[in-house]
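Since the structure comes first, as structure tokens, the remarks are kept for the end.
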Amino acid sequence: MADKPRRRRSAGKRIAPIARAIELAHEGKVDAVVSLGNTGGIFAAGDFQLGRIPGVDRGAIATVIPTPDNEFVLLDSGANIECKPVHLAHYAIMGSIYSREILGYRNPRVGILSIGTEDTKGNELTLEAFKLCKQLDLNFIGNVEGHDLFTNRVDVVGLRRICRQYRAQDVREPRPRHVLLPQTRADRPIPPPSFGALLAQNAFRSIKRRMDPEGFGGAPLLGFNGAVMKAHGSGP
């Protein structure tokens, strides 16, 4: 994990397993590669050994993020430090195709995450990307803001883990069994926390099913001449 992504071999080491796996895909000996290894190494190996699809200047990691009403594809999710407007346009095309062919959306809505929904909001990168995306044959809805991502667009990945921690903490921690109600000034009993947790079990199970990263397991690398999946190493 500490090796430089662009170094196929390290001093005194054999060829990296990631590079060898991508090489097998390039040779047609395997149909796809799934790896939990170094993200930069996987991306670099895909770039150099598989090569990019004609017309794609830069590949991207596509992350599928669940929301209460749909699933949203986010590009790029960590493969590139800096992008140009044309790269965002390419991401829009690849993301739209992935959403249509894999997630089953007939006419995926494509947006650019910016600081405002107006056409004039954003920096030079997003403003130019906006112009390019408007010229594409896509269902481009324009700019979206962070709070829009929670309304039928995207959800917070950390929510599931926080919910689970809070639930466990609430059940474990001793709480007072009586409270003083201001209305009556009377000491009335309330159900223990475990009783409330029991009643909410189905709701929490539903949240966990939708937000658990194990439901997806990883993210595809789009734009390459081969199928590569970057699996996550997140534990419980």
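For the reader, a short list of remarks on this structure follows.
- For VAL110, distant residues with modelled amide H under 5 Å away: ASN139, PHE140, ILE141
- For VAL30, the solvent-accessible surface computed with a 1.4 Å probe is close to 50 Å², ligands and nucleic acids excluded.
- With q set to 0.13, 0.15, 0.27 Å⁻¹, the log10 of I(q)/I(0) for the stretch 46-123, from the Debye formula over equal scatterers at the Cα positions, is -0.45, -0.60, -1.41.
- List LYS29, LYS131, ordered by accessible area with a 1.4 Å probe, largest first: LYS29, LYS131
- Taking amide hydrogens as placed 1.01 Å from N in the peptide plane, the amide H of VAL228 sits under 5 Å from those of VAL33, LEU221, each at least 5 positions away in sequence or on another chain.
- Links that overshoot a 25 Å alpha carbon limit, given the list LYS131/LYS230; LYS121/LYS230; LYS84/LYS121: LYS131/LYS230; LYS121/LYS230
The values are calculated or read from the model by the stated rules, or taken from the named source; none is laboratory data. Since the model is a prediction, treat every value here as computed from it, not as a measurement. To get the accessible areas, we keep the full protein, side chains included, count just its heavy atoms, and leave off ligands, DNA and RNA. Shrake-Rupley method; radii C 1.70, N 1.55, O 1.52, S 1.80 Å.
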